[in-house]
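FYI, it's all coordinate maths here, none of it is from the lab. Predicted model, so just to flag it, every value in this text is computed and none were measured. FYI the Cβ positions are ideal-geometry reconstructions off the backbone, even for glycines, and counts take in every protein chain you see.
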Amino acid sequence: MRSHIEIIQIRASDVLSGDVINKFGPNRSGWIEVANLEQLQNGSYVVHDEVGSDSFTAVGYDLVWLQVVHELLYNSHLPVD
């Protein structure tokens with residue numbers, strides 16, 4: 001299966017475990033797979049990866065970039081007869 005990746009913005013409060021996100025924009029680096037989303041007493045969130053090497057803090061209305069995977073059902077070119 002080939003995939004097409006769409007990058008969209010969502011609120012930090014909408015992040016779910018398993019999401020692949022980036023706080024710093026749609027760059028090639030800085031992406032993490034979310035393993036845990038912890039809400040602090042002040043309402044902000046701490047986003048952790050599975051091994052705990054990457055994490056960041058965000059307020060609920062902060063925007064983060066999310067990778068959305070779609071199955072690619074076609075080729076990149078028209079068929080040749």
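Show me 7-13, 49-55, 37-43 ranked by packing, highest mean number of other Cβ atoms within 10 Å first.
Details: 7-13: 14.7, 49-55: 11.9, 37-43: 10.0.
Result, highest mean Cβ count within 10 Å first: 7-13, 49-55, 37-43.
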Problem - Answer label, with mean projected area of the Cα convex hull in nm² calculated from the coordinates and candidates (i) 7.6; (ii) 5.2; (iii) 6.6 - result: (iii)
